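Quick notes on the structure that follows.
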Amino acid sequence: MQITGHAWTYGDDVNTDVIFPGKYTYTLTNINEFAKHALEDLDPDFAKLVKPDDVIVGGKNFGCGSSREQAAVCIKLSGVRVIVAKSFARIFFRNCVNNGVLPVVCPEAVAAIKKGDEISIELDQNIVRTPAGDFVFPPLSPSVAAIIDAGGLIPMLRRKLGTENLPLPEMKFGGGD
Amino acid sequence: MEIMGKTFAEKALARASGQASVSAGQIVDAQPDAILSHDNTAAIFRLFKQLGIERVKNPDRLRIALDHAVPAPTTQHAQNHAEVRNFVAQQGVKNFFEVGRGICHQVLSEEAMVLPGQLILGADSHTTHYGWMGAFGAGIGRSEVAALWATGELWLRVPESIKVVLNGALPPGVTSKDFCLKFIGDVGADGGLYASVEFHGDGISAMSLESRMVIPNMMAEFGAKNAYLPPDQKVYEYLSVPLQRRLEIGDWGSQEARQSLISNLQSHSLFADADATYRATYTYDASTLEPMIAKPHRVDNVSPLSALKGIRIQQAFLGTCTNGRIEDLEAACAVLKGKQIAAGTRMLVIPASSEILKEATRRGYISILLDAGAVIGVPGCGPCMGNHMGVPAVGEVTISTANRNFRGRMGTRDAEIYLASPAVVAASAVAGVIADPREVSGGEEEKRRGIEER
């Protein structure tokens, strides 16, 4: 399977406050509003122009700071399914996995990708294809990959608990830092 | 077969996952002793409901404190708190701390809701805090807390460990905050990514417990999974008081009961083996350290105070889980006693808990702060993450005792945050510019002498 989109490139240490500002953590409760504020204090153009399957490309320590899961959720709701970075902050990494967003650690690809490049992620082969060449990234451990395959931790647990056929309560976020 | 020594993290996660031995890099299913959430409990409850089960597995393991926006500043925040209280009542959560009791990490420490050698996972990045007592504390996301409520376990990767040794004594006016800023500045904000950061050396053991608490708290800004300080007699004595109260062991004054608690805590503590393997080791000589400041908008963008004196500030904020304790208020009062906060500058003081507020009142600190012109806030997180109670205006500069200074952190994108120790924040409030407390404090005496000479 392949995901193809344009690259949104950023530097090192992009933190969760600029991805999803703390002032919204208890006031923005409608999940449909989340995508409008994605990366708000980092790049005001992102939320306006991002297209489904575009790829966020970051430097080292991407997603550092707060544990707020909205940072991963707002990115997912903006249509992004993959983030390629030199390295990830650990809670953000887990939050991505738990929401079905693939965190790809590939410093070589990050160095090669320019803003707006069309890039493809070959999910089965663990390859990032860029105009400057192809780069292999290390696969996730099987137990972690299974969470992404299930679409996130909650859907995976519903399957495990045998509750996957129960109707989902209305999905509303809000509240959480 | 050669038996390798184990780090604290390896021992703690072996215990939490019920295994004899685990090694760095291994993935384990751990069962935390304590599961922390705060105002985000309502959002976690909504995720929990998606799992389609009715009851939380071990409600006695939950620890919930309302602290992020307290008392509620808006209807939305109030609704959120109401949902948390409904959850607490419905699931029979006993360890719930209401609005005003204080910041979760401080309250759980004061109440001995976590113990040495235990594992606490929390929906808060500063859950690293519990390393001050030799517990394994790590931040996780909300979905993961929902999963823990349902199943009682979560996968964790056993982290590699970093060893930091602090030798010698800190000079007067230099604090554990300065040490942390220096260390993070030297190695970088991602220096501890995924790692367990252990602190050793006589410079650590000589510190008061309140000074120690700053260190694992700040390690969240180093990318650490958890941090660890070896527990000692001071830690056991501190925790034995609330434990004795809660467990109702013996008479309240019984030394015997207290001693048995202390030896119990000691025997449950975990210590790294002398031949454990570390990813890196850093050594600092405490006597060479000086007051440090983190500049906007990064915690590792650090300079010595001496290089930043004179920068105009509008707001000084003393509080948070990092530096809102009695020792911090004491340091600020030593600077502020008999002085006035500069015109055009405001100072906000938010004790980290109601116990600290009570003790500060008893000691006369609150009077000193009010006389100097400071504002006292309700125990909680205050403006740290921009919810309320001290959000800066556009273009304003805040000097703060908090742990994080990212752009927009305090609620305003175009505002600047400098991070410093409590005494430096207080001195800057008096001067209206970033200032050295050793100079401001000296000023009192010199001023008096100057007046007499005139």
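The values are calculated or read from the model by the stated rules, or taken from the named source; none is laboratory data. Bear in mind that the values here come from a model prediction, so they are computed numbers and not experimental data. Using ideal geometry, Cβ is built from the backbone for each residue, glycine included, and neighbour counts are taken over all protein chains shown.
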Contact list, first residue from segment B:346-363 and of a type in the set (D, E, K, R), second anywhere and assigned to a loop (DSSP other than H, G, I, E, B), beta-carbon distance below 9 Å, six or more apart or interchain, is B:R346/B:Q314; B:R346/B:G373; B:R346/B:A374; B:R346/B:G390; B:E355/B:R101; B:E355/B:P379; B:K358/B:P351; B:E359/B:P351
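Please go through segment B:105-124 and give me each residue that is over 23 Å from B:S240 (Cβ atoms) and touching a Cys at 6+ places or on another chain (Cβ under 9 Å), ordered by number. Let's see the steps before the verdict.
Taking segment B:105-124 first, the residues over 23 Å from B:S240 (Cβ atoms) are B:121-124.
Once the filter is applied, which keeps residues that are over 23 Å from B:S240 (Cβ atoms) and touching a Cys at 6+ places or on another chain (Cβ under 9 Å), segment B:105-124 yields B:G122, B:D124.
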Checked B:E256, B:E210, B:E221 against criteria (charged (D, E, K, R) and more than 19 Å from B:Q106 (Cα to Cα)); the one match is B:E256
With the first residue restricted to segment B:169-195 and required to be among the small types (G, A, S), and the second required to be in a helix (DSSP H, G or I) and modelled with pLDDT under 95, Cβ contacts under 7 Å at 6 or more apart or on different chains are B:G173/B:R438
Looking at (1) closer than 18 Å to A:E69 by Cβ; (2) more than 10 Å from every other protein chain (Cβ to nearest Cβ); (3) at pLDDT below 95, can you tell me which one A:L102 breaks? (3)
Out of A:R94, A:R81, A:R90, A:R68, report the one residue that is in contact (Cβ under 8 Å) with a residue 60 or more places away in the chain, within 11 Å of another protein chain (Cβ to nearest Cβ) and not hydrophobic (A, V, I, L, M, F, W, C). A:R68
Top-ranked residue of segment B:142-166 - restricted to ones that are touching a Gly at 6+ places or on another chain (Cβ under 9 Å) and within 8 Å of chain A (Cβ to nearest Cβ), ranked as surrounded by the most Cβ atoms within 10 Å (Cβ to Cβ): B:R142
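Look at B:L289 and say whether it is of a type outside the set (D, E, K, R), at pLDDT below 95 and either in contact with a Phe, Trp or Tyr (Cβ under 7 Å, 6 or more places away or on another chain) or surrounded by 14 or more Cβ atoms within 10 Å (Cβ to Cβ) (or both). Quick ask: steps written out before the conclusion?
On the way: of a type outside the set (D, E, K, R): yes; at pLDDT below 95: no; either in contact with a Phe, Trp or Tyr (Cβ under 7 Å, 6 or more places away or on another chain) or surrounded by 14 or more Cβ atoms within 10 Å (Cβ to Cβ) (or both): yes.
No.
Among the strands (runs of 3 or more DSSP E) confined wholly to segment B:288-356, which include 1 or more residues that are under 30 Å from A:D12 (Cβ atoms)? Step through it out loud before you land on a result.
Numbers: elements: B:292-294, B:302-304, B:315-319, B:346-350.
It comes to B:292-294, B:302-304, B:315-319.
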Pull up segment B:254-270, narrow it to residues that are modelled with pLDDT of 95 or more and not in a helix (DSSP H, G or I), then point me to the one that is farthest from B:D232 (Cα to Cα). B:L270
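Regarding segment B:271-285, can at least one residue be identified that is modelled with pLDDT of 95 or more and in a helix (DSSP H, G or I)? Full working, then the answer.
From segment B:271-285, those modelled with pLDDT of 95 or more are B:271-285; that's our starting set.
When the remaining residues are screened for being in a helix (DSSP H, G or I), the result is none.
No, that holds for no residue.
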How many residues does segment A:60-86 hold that are crowded, with 24+ Cβ neighbours inside 10 Å and assigned to a loop (DSSP other than H, G, I, E, B)? 8
Kindly provide the set of residues from segment B:362-389 that are more than 14 Å from every other protein chain (Cβ to nearest Cβ) and either closer than 18 Å to B:M410 by Cα or in contact with a strand residue (DSSP E or B) (Cβ under 8 Å, 6 or more places away or on another chain) (or both), ordered by number. B:I366, B:L369, B:L370, B:A372, B:G373, B:A374, B:V375, B:I376, B:G377, B:V378, B:P379
Matching residues in segment B:81-112 (within 12 Å of chain A (Cβ to nearest Cβ), more than 24 Å from the chain's Cα centre (by Cα) and either outside any helix (DSSP H, G or I) or in contact (Cβ under 8 Å) with a residue 40 or more places away in the chain (or both)) number 2
Residues of segment A:10-19 being touching a Lys or Arg at 6+ places or on another chain (Cβ under 6 Å) and more than 7 Å from every other protein chain (Cβ to nearest Cβ), in sequence order, are A:D12, A:T16
So is A:R129 basic (K, R) and either within 9 Å of another protein chain (Cβ to nearest Cβ) or crowded, with 23+ Cβ neighbours inside 10 Å (or both) or not? no
Are any residues in segment B:332-350 closer than 26 Å to B:V107 by Cβ, touching a strand residue (DSSP E or B) at 6+ places or on another chain (Cβ under 7 Å) and not small (G, A, S), and if so, which ones? B:M347, B:L348, B:V349, B:I350
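Checking the condition surrounded by fewer than 24 Cβ atoms within 10 Å (Cβ to Cβ) and among the aliphatic types (A, V, I, L, M), which residue from B:A89, B:A69, B:A65 passes?
Working: B:A69 fails: surrounded by fewer than 24 Cβ atoms within 10 Å (Cβ to Cβ); B:A65 fails: surrounded by fewer than 24 Cβ atoms within 10 Å (Cβ to Cβ).
Only one candidate passes the filter, namely B:A89.
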Among residues belonging to segment B:113-135 that are within 14 Å of chain A (Cβ to nearest Cβ) and not in a loop (DSSP other than H, G, I, E, B), point out the one that is surrounded by the most Cβ atoms within 10 Å (Cβ to Cβ). B:H129
Restricting the search to segment B:1-20, which residues are modelled with pLDDT of 95 or more, out of contact with any Ser or Thr (no Cβ under 8 Å at 6 or more places or on another chain) and either among the aliphatic types (A, V, I, L, M) or part of a strand (DSSP E or B) (or both)? B:A12, B:L13, B:A16, B:A20
Could you check how many residues of segment B:3-22 are touching a residue at least 24 places away in the same chain (Cβ under 8 Å), surrounded by fewer than 16 Cβ atoms within 10 Å (Cβ to Cβ) and either of a type outside the set (A, V, I, L, M) or over 17 Å from B:D273 (Cβ atoms) (or both)? 1
Would you confirm whether any residue within segment A:33-44 is among the aliphatic types (A, V, I, L, M), within 12 Å of chain B (Cβ to nearest Cβ) and in contact (Cβ under 8 Å) with a residue 12 or more places away in the chain? yes
Can you name the number of the only condition in (1) touching a residue at least 40 places away in the same chain (Cβ under 8 Å); (2) touching a Lys or Arg at 6+ places or on another chain (Cβ under 9 Å) that B:I140 fails? (1)
State yes or no: is B:V28 more than 14 Å from chain A (Cβ to nearest Cβ), touching a strand residue (DSSP E or B) at 6+ places or on another chain (Cβ under 8 Å), farther than 29 Å from B:F97 by Cα and β-branched (V, I, T)? no
Mind listing just one residue for me: the one in segment A:18-59 that is in a loop (DSSP other than H, G, I, E, B) and among the charged types (D, E, K, R) and, of those, farthest from A:I3 (Cα to Cα)? A:D41
Taking B:I326 as the residue in question, decide whether it is touching a helix residue (DSSP H, G or I) at 6+ places or on another chain (Cβ under 7 Å) and among the β-branched types (V, I, T). yes
